[in-house]
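The values are calculated or read from the model by the stated rules, or taken from the named source; none is laboratory data. Note that the coordinates shown come from a computational prediction; the quantities given were computed from them, not determined experimentally. Here the Cβ positions follow ideal geometry from the backbone for every residue, glycine too, while neighbour counts run over all protein chains shown.
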Amino acid sequence: MNIIITGASKGIGNELVKVLARHKQNQIVAISRNGKALKELVAECVHLYPEAKITPYEFDLNQFEFYPFIVQRLETFIHKCDILVNNAGKLVNKPFNKFDITNFDDTFNVNIKGPFFLIQALLPMMNKGAHIVNIGSIGGVQGSKKFPGLAAYSASKGALAILTEALAEELAEQEIKVNCLALGAVQTEMFAKAFPGAKALQNPAQIAHFIADFCISGSKYFNGKVVPVSMSTP
């Protein structure tokens, strides 16, 4: 399968690349603005799995003016895409009355504007039967427990959930499935920075195995669904 993963330099995206690289039939394009970390990831995967096929693609997803040209660049690596994982995320933990426009724009650019326009740009590359997996948050699910300081983050992930539902309908004629995994707390670098001292129930390696399985087989059972992946209640 041809797979594109954003936010691949660390955390969940990094571990997801490692899991999917185990299968030599997978051709993975790992996207991040951190080129050095991507090269280290590729080297680690090839060391573990000599037949791994991973292409690092250094790209800042905030550079929206370059999105119209991204297909031209990616087509030098893979001609078609079977799985797209919109994993890149931004979390700023700050009280609502202290949140400024820059914080807001940074959060929404990465969490919703990026996936929106990346999917749009990559549509010409998507195979029939392709699966788009948006990595959301349980905080973006209506009725879930919310936390102070995460108003913008939760709102942006809520928007991603609704985008998922809308695109499942809009892309149905092209036989492209779109789903969202609404993750609970995962012990990533982003989580540790936002919640110093807190401990999440899941680590990136654990959740990456679940996401990998869902990417490959989830579209057989789900479309347009926001699937909570959390131990918390509600």
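Tell me, please, whether a residue that is assigned to a strand (DSSP E or B) and either touching a residue at least 24 places away in the same chain (Cβ under 8 Å) or more than 17 Å from the chain's Cα centre (by Cα) (or both) can be found in the stretch 32-41. Reasoning before the result, please.
We begin by selecting, within the stretch 32-41, every residue assigned to a strand (DSSP E or B); these are 32.
Next, from what is left, pick out any that are either touching a residue at least 24 places away in the same chain (Cβ under 8 Å) or more than 17 Å from the chain's Cα centre (by Cα) (or both): 32.
Looking through the stretch 32-41, at least one residue is assigned to a strand (DSSP E or B) and either touching a residue at least 24 places away in the same chain (Cβ under 8 Å) or more than 17 Å from the chain's Cα centre (by Cα) (or both).
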State whether one or more residues within the stretch 135-142 are over 26 Å from A30 (Cβ atoms), touching a residue at least 60 places away in the same chain (Cβ under 8 Å) and crowded, with 19+ Cβ neighbours inside 10 Å. yes
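In the stretch 71-111, what count of residues is obtained for those that are over 30 Å from Q25 (Cβ atoms) and polar (S, T, N, Q)?
Of all residues in the stretch 71-111, those over 30 Å from Q25 (Cβ atoms) come to 90-111.
Still in the running and polar (S, T, N, Q): 93, 97, 102-103, 107, 109, 111.
Of the residues in the stretch 71-111, 7 are over 30 Å from Q25 (Cβ atoms) and polar (S, T, N, Q).
From I3, I54, grab the single residue that is aliphatic (A, V, I, L, M), outside any loop (DSSP other than H, G, I, E, B), over 22 Å from N203 (Cα atoms) and touching a residue at least 60 places away in the same chain (Cβ under 8 Å). Full working, then the answer.
Working: I54 fails: touching a residue at least 60 places away in the same chain (Cβ under 8 Å).
Just a single option satisfies the conditions, and that option is I3.
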For the list (1) touching a Phe, Trp or Tyr at 6+ places or on another chain (Cβ under 6 Å); (2) over 26 Å from L123 (Cα atoms); (3) of a type in the set (S, T, N, Q), I need the number of the one condition that T55 fails. (2)
Does E44 satisfy the criteria of being of a type in the set (D, E), in contact (Cβ under 8 Å) with a residue 24 or more places away in the chain and over 20 Å from K90 (Cβ atoms)? yes
Of residues in the stretch 47-94 being farther than 29 Å from G140 by Cα and β-branched (V, I, T), the one surrounded by the most Cβ atoms within 10 Å (Cβ to Cβ): I54
What helices (runs of 4 or more DSSP H) lie completely within the stretch 94-210 and have 1 or more residues being under 13 Å from the mean Cα position of the chain (by Cα), farther than 26 Å from L41 by Cα and among the β-branched types (V, I, T)? 151-170
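Within the stretch 88-121, track down each residue that is in contact with a Gly (Cβ under 7 Å, 6 or more places away or on another chain) and polar (S, T, N, Q). Break it down stepwise before answering.
Of all residues in the stretch 88-121, those in contact with a Gly (Cβ under 7 Å, 6 or more places away or on another chain) come to 88-89, 93-95, 110-111.
Within the stretch 88-121, N93, N111 meet the criteria.
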Among the listed residues A198, A192, A185, identify the single one that is free of Cβ contacts under 8 Å to residues at least 60 places away in the same chain, touching a Phe, Trp or Tyr at 6+ places or on another chain (Cβ under 8 Å) and surrounded by fewer than 18 Cβ atoms within 10 Å (Cβ to Cβ). A198
Filter the stretch 11-32 for residues that are at pLDDT 95 or above and charged (D, E, K, R) and give the result. E15, K18, R22
I need every pair where a residue in the stretch 162-176 that is closer than 13 Å to S219 by Cβ and surrounded by fewer than 19 Cβ atoms within 10 Å (Cβ to Cβ) has its Cβ under 7 Å from the Cβ of a residue that is modelled with pLDDT under 95 and not charged (D, E, K, R), sequence separation at least 6 or different chains. none
List pairs: first residue in the stretch 77-103 and under 17 Å from A194 (Cα atoms), second residue outside any loop (DSSP other than H, G, I, E, B) and not aliphatic (A, V, I, L, M) anywhere in the structure, Cβ distance under 6 angstrom, at least six positions apart or on different chains. A88/T6; G89/N111; K90/D106; K90/T107; K90/N111; L91/Y153; V92/N103; V92/T107
